Amino acid sequence: MLERLGAFSASGPFKQLMTVCACDYRAYAGRSGQVYPKAALLEIALEACAEVEAIGISADASDAEARQSARAEAIARTFRSRRWSDELT
């Protein structure tokens, strides 16, 4: 999902989308001034992927699956996801 949202792009569409989502969230009664909770979760997931990006797996087609798997594993470790952690052992 982060990849589809452009979170790994230098142009920043992900941050712009999070701003739009936060504005939409706050538009509902009783939410004015509140923090958009899902943005924090997505930001944590993005930070987990920073380790994978630092490794520098190339962007060619043969490494795309490896990069995506490495990102999923990094996020799973961060959130201690049972679904993915079972596959990690």
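Remarks
- Residue satisfying all of: in the range 30-47; under 17 Å from GLY6 (Cβ atoms) and hydrophobic (A, V, I, L, M, F, W, C); farthest from the chain's Cα centre (by Cα) among these: ALA39
- Put simply, of ARG67, ARG82, ARG4 the only residue that is at pLDDT below 90 and under 13 Å from the mean Cα position of the chain (by Cα) is ARG4.
- Flag for ALA45 being surrounded by 12 or more Cβ atoms within 10 Å (Cβ to Cβ), at pLDDT 85 or above and not in a helix (DSSP H, G or I): no
- Residue among ILE75, ILE55 that is modelled with pLDDT under 85 and either loosely packed, with under 12 Cβ neighbours inside 10 Å or not small (Gly, Ala, Ser) (or both): ILE55
- Among residues of the range 1-27 that are at negative phi, those with a beta-carbon under 6 Å from a residue that is of a type in the set (Ser, Thr, Tyr) and in a loop (DSSP other than H, G, I, E, B) at least six positions away or on a different chain give the pairs CYS21/TYR36; ALA22/TYR36; TYR25/TYR36; ARG26/SER32.
The values are calculated or read from the model by the stated rules, or taken from the named source; none is laboratory data. In this text the structure is predicted, and so the values were computed from the model without any measurement. Counting neighbours? That spans all protein chains shown, and the Cβs are built from the backbone with ideal geometry, glycine included.
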